[in-house]
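**Student:** This is the structure, below, for whatever I ask next.
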Amino acid sequence: MKLWVGVTDEGWFDYLRARNPDEVNFWQPSGAREFRALEPGEPFLFKLHSPKNYVVGGGFFVRYSPLPCSLAWAAFGEKNGVGGHAEFLARIRKYRARGGGGGAIEPDPVVGCNILAQPFFFPEEAWIQVPSDWARNIVQGKTYDTGQEAGRALWTAVEDAAAALGLWSSDAVQDAARADAPRYLMKGRLGQGAFRVLVTDAYHRRCAITGERTLPVLEAAHIKPYASDGPNLTRNGLLLRSDLHKLFDIGYVTVTPNYRIEVSARIKEEYENGREYYAYHGQRLVMLPQSAEDRPSREFLQWHNESRFVA
């Protein structure tokens, strides 16, 4: 099993530790370099800047996705580790300037988003000294492997600290000995921001009904709403243009289990309009995820047809 120890700002860590969110965005000022060190579910640990050479918490890697600052803020808000969109944008520009980035100031720069589920934050008395092979010149982070002594010792120390603080259940810590332990810890525990990004990427950033590619107007819709016990899973999602998302949520539009679009007659009856929407009636979705596991669940679609759609 791989571990990534990522170097982070203490202000980012303190802000999130005080709020203890269900997910975080460990963002990079630039989205130019894709993060490939971990597989989904593997541990992503936080290390403070030198001279505080300690591992202070972490989370479980979900996905890397380059996103415009505005969308990263819309998806994660304060889970980006800052208090507002303007502050988020200012911090991105500050770190880019430090890195020597020049040229015109982008109004909505793309940032690299490392989405982490089930984050945990250690109090100072539980901080873990970095392994002895940690080099002072490491700027971004370092990969460790639990198949090797340093990685195994580090992960054991993280497990022990989390267990002592009651951050993980005893069953979870016991199961951490298994090869698939991180996936076990993360399974079914994704937040709303992760859901939005996973659905957006699964549909290749195109509306499932229209094929629209303008990212700011695309939204991840729950088929079975979260408030009705619908899970934050890609198979419970559709990427829809914002107006179609609203119509889908209130039941004027649905998608059948065989991926055909149905538009309610109520739009015309109640609003004397809707010509554009009726053009999609009976059509198949123009965009579906490539992976069968990510495609809309027929069970959830049936629920929407029967419980939400107003024929």
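**Student:** Would you grab the residues whose amide H sits under 5 Å from the one on THR210? Only those 5+ places off in sequence or on another chain, please, with H modelled 1.01 Å from N.
**Tutor:** For THR210, the qualifying residues are ARG241.
**Student:** At 222 nm, what helix-only mean residue ellipticity would the chain give, in deg cm²/dmol to the nearest 500, using -39500 (n - 2.57) for each DSSP H run of four or more?
**Tutor:** Values: 11 runs with 100 residues, N = 311.
Using -39500 (n - 2.57) per qualifying helix, the result is -9000 deg cm²/dmol.
**Student:** Take the chain, connect every pair of alpha-carbon atoms lying under 10 Å apart with a spring to form a Gaussian network, then pick out the residue of ALA157, ALA227, ALA126 with the largest mean-square fluctuation.
**Tutor:** Per the Cα network of the chain with a 10 Å cutoff, ALA227 tops the list.
**Student:** A further question on this structure: Where does each of TYR277, TYR144 land when they are ranked from fewest to most other beta-carbon atoms within 10 angstrom?
**Tutor:** Listed from fewest to most nearby Cβ atoms, that is TYR277, TYR144.
**Student:** Can you list residues from other chains, or at least 5 along the same chain, whose modelled amide H is less than 5 Å from the amide H of ARG63?
**Tutor:** ILE115
**Student:** Then there is this: From the phi angles alone, apply the Karplus equation (6.51, -1.76, 1.60; θ = phi - 60°) to the stretch 300-311 and give each ³J(HN,Hα) in whole Hz, x where the residue is Gly or Pro.
**Tutor:** For the stretch 300-311, the Karplus-derived couplings read 5, 4, 4, 4, 5, 4, 8, 10, 10, 5, 9, 5 Hz, x marking Gly and Pro.
**Student:** May I pose another question? Whole-Hz Karplus ³J(HN,Hα) for the stretch 198-210, in order, using 6.51 cos²θ - 1.76 cosθ + 1.60 and θ = phi - 60°, x for Gly and Pro?
**Tutor:** Result, rounded to whole Hz: 4, 5, 4, 6, 4, 8, 6, 6, 9, 4, 5, 8, 9.
**Student:** Hey, another quick one. Restricting to DSSP loop positions (anything but H, G, I, E, B) with no more than 11 other Cβ atoms inside 10 Å of their own Cβ, which trypsin sites (Lys or Arg not before Pro) remain in the stretch 27-124?
**Tutor:** Answer in residue order: ARG33, ARG36.
**Student:** So if I average 1/r over every pair of distinct C-alpha atoms in the stretch 192-307 and take the inverse, what Kirkwood radius in Å does that give?
**Tutor:** Across the stretch 192-307, the inverse of the average 1/r is 14.0 Å.
**Student:** Quick one: net charge of SER242's neighbours, Cβ under 10 Å, K/R +1, D/E -1? Walk me through the numbers on the way to the answer.
**Tutor:** Numbers: positive: ARG241, LYS246; negative: GLU212, GLU219, ASP243.
Every neighbour counted, the sum reads -1.
**Student:** If you don't mind, another one. Using θ = phi - 60° and the Karplus relation 6.51 cos²θ - 1.76 cosθ + 1.60, list the HN-Hα couplings for the stretch 230-246 in order, rounded to whole Hz, with x at every Gly or Pro.
**Tutor:** x, x, 7, 10, 4, 6, 9, x, 9, 8, 10, 4, 4, 5, 5, 4, 5
**Student:** If you don't mind, there's one more thing I want to ask. What residues qualify as long-range amide H neighbours of TRP27, i.e. H under 5 Å apart, gap of 5 or more or another chain, H built at 1.01 Å from N?
**Tutor:** Excluding prolines and chain starts, which carry no amide H, the hits are ASN114.
**Student:** Hey, in the GNM for the chain with a 10 angstrom Cα cutoff, which one of ASN114, ASN25, ASN53 fluctuates hardest?
**Tutor:** Maximum fluctuation in the GNM of the chain, among the listed residues, is at ASN53.
**Student:** Here is a follow-up. State which stretch of the chain is the longest one without any exposed GluC sites (Glu not before Pro), exposure meaning a DSSP loop state and at most 13 other Cβ atoms within 10 Å.
**Tutor:** In short, 35-271.
**Student:** What number comes out for the charge environment of ALA153, summing +1 per Lys or Arg and -1 per Asp or Glu over other residues with Cβ under 14 Å away? Don't skip to the end; give the middle numbers.
**Tutor:** Details: positive: ARG152; negative: ASP133, ASP145, GLU149, GLU159, ASP160.
Residues near ALA153 contribute -4 overall.
**Student:** Also, quick follow-up: Beta carbons within 10 angstrom, averaged per residue: use that to sort the peptides 137-143, 195-201, highest first.
**Tutor:** Result, highest mean first: 195-201, 137-143.
**Student:** Would you mind ranking VAL24, VAL217, VAL5 by Cβ crowding within 10 Å, fewest neighbours first?
**Tutor:** So the residues, fewest neighbours to most, are VAL217, VAL5, VAL24.
**Student:** Take MET287, MET1 and order them by how many other Cβ atoms sit within 10 Å, fewest up front.
**Tutor:** Ordered by Cβ neighbours within 10 Å, fewest first: MET287, MET1.
Bear in mind these aren't lab numbers, they're just calculated from the coordinates by the rules spelled out. All figures in this text were calculated on a predicted structure; none of them were measured in a lab. Note that we place each Cβ from the backbone using ideal geometry, even for glycine, and neighbour counts take in every protein chain shown.
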